[in-house]
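Engineer: Handing you this structure, nothing more for now.
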Amino acid sequence: MKEPKKPFEYSRKWSMRWVFLTTMVFLYAPIIVLIVFSFNNSRRGGNVIWKGFTTKYYAKAFANEELMLAFANSMTIAVTSTIISVFLGAMTAVFLWRFRFPFKPLAEGLVSLPIIIPEICMGVSLAMFFSQMGWWTTGDTPWPFNLSNIILAHITFSFPFAAMVIRTRLQNFNREMEEAAKDLGASEFQVFRDILLPHMRPGLIAAALLSFTLSLDDFVITFFTSGPNTVTFPVKIYSMVRFSITPEINAASTVLIVLTLILTFLALRYQRLTDGPDRG
Amino acid sequence: MDPTVDKLPENTHSKTILSLNAIGKRFGKVTALEDVSVDIKEGEIFALLGPSGCGKSTLLRIISGFETPSSGELLLDGQDMTRTAPNQRPVNMVFQSYAVFPHMSVADNVAYGLKMEKTPKDEITDRVNQALTQVHLQDFKDRMPDQLSGGQKQRVALARALVKQPRVLLLDEPLSALDAKLRDAMRLELVKLQESVGVTFIIVTHDQSEALAMADRVAVLESGRLRQVDTPSALYQKPVDAFVADFIGRVHTFNTQHISLDNGSVTALVDELDSITLPLTELPDGIQAGPQPESPAVIAFRPECVSVQLATATPPAPDAHIQFNGFLGDIAFQGQHSIVEVTRGDQQSVTAVVNHQELHTLQGQPLGTPVLASCAYSDLMLLPPA
Ligand SMILES: Nc1ncnc2c1ncn2[C@@H]1O[C@H](COP(=O)(O)OP(=O)(O)O)[C@@H](O)[C@H]1O
Ligand SMILES: [Mg+2]
């Protein structure tokens, strides 16, 4: 016999199942199609006819020097801007959490402002800022220094996210922990190194992951701050798509997806290992 | 009562280890502590007792160095420590939340303080093992804190502080977070632990039964002021005022109207009662003879001193007992003794703690049976107002 529905058993309502299913399809179908057709033995990536399995477009993508340079650029930018963003974010978070000073709410607001400013505005303003200040890297700046504009731009939009994530983590730090360490003889620095930093670690990892992903797939701001010699992966793919859609693009995108997935998986795993429930 | 008489047994606790001299602390407009002076003796369990918000934690934090007093000084072994940083004081604390470091194993938690002192590795291992054995956690060395119960975390916090061999160990509400059964066991265990390590303990608590059961001496704090510092029995038998009397156990109080002292005998005219001859030869501190002011001295007695009998039985000698005619109220059986309520119409009812024999004559009587409650003059206390 069928049991009557309980108030929150949404999964047993057909309408709910449909909503769920459609959401999943819209979210993941394009990605799955993209991955599947990266193995399609056809000259056109947008071709919906399956012509047999091949990995030759991966080989082709890896052999494409411009694409590989774009990839190396993206990785360099992502790694550098992540390290700096997390460092700055952590400093900001600790500062905002630890100290009281005049106009603190204003400072907090300003820190998170880049999160809500439209990306296009950020892109334009950064481009103007760099050219006004004469910080525009020229064609003959040696690699990787020619990426410094983009790296700076990426830091400006990812560090507020880092600061926010770390700040949230600090919020549930038990201040008695810090006093207990001092009581046992620790100096300010030792408290930071031995107690506060381990507590912040999951926040730091989450912040790093977030910054890395934001940087890796940023298009708008990068587009405005990149020059002809400083093409990043998303910008390169965009220009390739404008030319023609080939399975090579599918292959390159699949590599990007897999890379992001692996990183996320590792970060989550690491977080679970180190971050036991923190009940003070 | 003479405050200079030392009620401690002669054998131990004679040397002063920690002196608080006129300590005061203000937080902005709030005065948390005012003129607190007390000497804590080496090897004793000293309890800071008082209602919530009276400044107990603040005093403990001043001793540990997390707060600096606004006035007064703090001497440890005769050395001024008022402004010494917390990590430089030979004093350790067990925090109310235990504050066990969640990312370190039990052994690492306990070893932390020794590492900060740069103790040699071998010595750290030995001392950590010894400390863990003292708190019965030797088998939990490699556990992480999230695998421990609340009681076990507290033991880690204890071991972590004791392993530093502090001159004074501070415990902030050490039992308040434990469940009732564990609390009673832990009370006893803390006392035993203190006996075996011999370190001076200062325990903060708002629970008077806890303070009386564990401490050698108790300081009663109220609104940042020390009301009385004494042994548990002296606090119970000779409270300095009505606040302490009521905070340590229960008392019935009656306002006096007039007090006279002649020929070494004190008589008081009391509300609701007649003139009473008190078991005193002189007036206690803070009480004036003559008509009483707006907040008058009070006559106080404890429920334990009240006896209850049927109104039909022979009453006790009227010139040596205060007597209340009333009616039998609820009886709460408590094992060793029972608590009997005597209602008196719209006047305040009188509670009596009675033994088995007394209970026997009252049991089976219907509610409202006329009874007589009485208390001997010799059990009365004359106290300044709260
Ligand atoms: N850091 C502080 N800032 C402002 N007021 C405080 C601070 N710490 C304690 N107080 C005030 O001092 C008084 C005593 O507090 P506390 O010592 O914590 O009391 P207890 O531990 O006896 O409950 C309270 O009125 C409390 O509000
Ligand atoms: Mg407190």
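Engineer: I'd like the distance between the alpha-carbon centres of segment B:301-349 and segment B:229-275, rounded to an integer number of Å.
Structural biologist: Each part reduced to its Cα centre gives a spacing of 19 Å.
Engineer: Tally Lys/Arg at +1 and Asp/Glu at -1 over every other residue whose Cβ is under 13 Å from the Cβ of B:M214; what's the total?
Structural biologist: Result for the local shell: -4.
Engineer: Also, quick follow-up: Hey, can you grab everything whose amide H is under 5 Å from the amide H of B:E44? Only 5+ residues off in sequence or another chain; H modelled, so Pro and N-termini drop out.
Structural biologist: B:F201
Engineer: Moving on to the next point. In deg cm²/dmol, rounded to 500, what helix-only [θ] at 222 nm does chain B give when every DSSP H run of at least 4 residues adds -39500 (n - 2.57) and the total is split over its residues?
Structural biologist: -7000 deg cm²/dmol
Engineer: To the nearest 20 debye, what is the magnitude of the charge dipole of chain A about its Cα centre, counting +1 on the Cβ of each Lys and Arg and -1 on the Cβ of each Asp and Glu?
Structural biologist: That gives a dipole near 1160 debye.
Engineer: Where in segment B:311-330 does the label zone of B:Q357 land, with the point 7 angstrom along Cα→C-beta and an amide N cut-off under 15 Å?
Structural biologist: Under cut-off, by backbone N: B:314, B:316.
Engineer: Per residue of B:112-121, count partner chain C-beta atoms within 10 Å of its C-beta, then hand back the mean as an integer.
Structural biologist: Whole-number average of other-chain Cβ neighbours for B:112-121 is 3.
Engineer: Let me ask you something else. In segment A:80-274, how does Rg compare with the Kirkwood Rh, expressed as the Rg/Rh ratio over alpha carbon atoms?
Structural biologist: My calculation of the ratio gives 1.05.
Engineer: Right, here's the next one. Scan around B:L280 for amide H atoms under 5 Å from its own, H built in the peptide plane at 1.01 Å from N, and keep only partners 5 or more places away or cross-chain.
Structural biologist: Residues meeting the criterion, in which the H sits 1.01 Å from N, are B:V266.
Engineer: What order do A:F103, B:F201, A:F39 take when sorted by accessible area (1.4 Å probe), most exposed first?
Structural biologist: A:F103, A:F39, B:F201
Engineer: Hey, another quick one. For A:S112 and A:V36, what does the FRET efficiency come to when R0 = 35 Å and r is the distance between their Cβ atoms, rounded to the nearest 0.05?
Structural biologist: 0.30
Engineer: Hey, which of these cross-link pairs are over 23 Å Cα-Cα: B:K15/B:K115; A:K182/B:K15; B:K121/B:K141; B:K41/B:K118; B:K25/B:K118; B:K153/B:K181?
Structural biologist: Violating the 23 Å Cα-Cα cut-off are B:K15/B:K115; A:K182/B:K15; B:K41/B:K118; B:K25/B:K118.
Engineer: Rounded to the nearest 0.05, what FRET efficiency do B:H258 and A:F101 give with R0 = 56 Å and r taken as the Cβ-Cβ distance? Could you check?
Structural biologist: Calculated transfer efficiency: 0.35.
Engineer: I've got another one for you. Out of B:N255, B:N263, B:N325, any idea which swings most in a Gaussian network model of chain B, alpha carbons joined below 10 Å?
Structural biologist: Maximum fluctuation in the GNM of chain B, among the listed residues, is at B:N263.
Engineer: Now a separate question. What is the sum of charges, Lys and Arg at +1 and Asp and Glu at -1, for the other residues whose Cβ falls under 12 Å from the Cβ of A:I245?
Structural biologist: Charge balance near A:I245 sits at +2.
Engineer: So, one more: If you line up the long axis of helix B:106-116 against the longest principal axis of chain B, both from Cα atoms, how many degrees apart are they, to the nearest 10?
Structural biologist: Once rounded, one gets 70 degrees.
Engineer: Same structure, new question: Taking 0.36 nm per residue of sequence separation and subtracting the Cα-Cα distance, how much length would be gained by fully extending the chain between B:R83 and B:A22, in nm to one decimal?
Structural biologist: 20.5 nm
Engineer: Here is a follow-up. Hey, got the average number of other protein chain Cβ atoms within 10 angstrom for residues in A:191-204?
Structural biologist: Mean partner shielding for this stretch: 2.
Engineer: Round to the nearest 0.05 the FRET efficiency obtained for B:D126 and B:R250 when R0 = 41 Å and r is the Cβ-Cβ distance.
Structural biologist: 0.25
Engineer: Could you work out how far apart the two model spin labels at B:S223 and A:T22 are, taking each label as a point 7 Å from the Cα in the direction of the beta carbon, and quote it in nm?
Structural biologist: If labels sit at B:S223 and A:T22, their model points lie 6.9 nm apart.
Engineer: Would you please give the residues with an amide H less than 5 Å from that of B:Q292, counting only those at least 5 places away or on a separate chain, with H modeled from the backbone geometry?
Structural biologist: B:H258, B:I259
Engineer: When chain A is modelled as a GNM with alpha-carbon springs shorter than 10 Å, which of A:G109, A:G123, A:G227 fluctuates the most?
Structural biologist: So, out of A:G109, A:G123, A:G227, the one fluctuating most is A:G109.
Engineer: Next question. Average partner chain C-beta neighbours within 10 Å, per residue of A:169-176?
Structural biologist: Mean shielding count: 2.
Engineer: Still on this structure: Roughly how tilted is helix B:180-197, in degrees to the nearest 10 and between 0 and 90, from the longest Cα axis of chain B?
Structural biologist: The helix B:180-197 is inclined about 60 degrees to chain B.
Engineer: Can you give the accessible area of A:Y238 in Å² (nearest 10), computed on protein heavy atoms with a 1.4 Å probe?
Structural biologist: Approximately 90 Å² for this residue.
Engineer: Now for a separate question. Hey, in the GNM for chain B with a 10 angstrom Cα cutoff, which one of B:A177, B:A317, B:A157 fluctuates hardest?
Structural biologist: Answer for the Gaussian network model of chain B: B:A317.
The values are calculated or read from the model by the stated rules, or taken from the named source; none is laboratory data. Only a predicted model underlies this, so the values are computations on that prediction, with no experimental measurement involved. Neighbour counts are summed over all protein chains in view; Cβ atoms, including those assigned to glycine, are modelled from backbone coordinates with ideal geometry. Accessible surface is based on the protein model in full, side chains and every heavy atom, while ligands, DNA and RNA are left aside. Shrake-Rupley method; radii C 1.70, N 1.55, O 1.52, S 1.80 Å.
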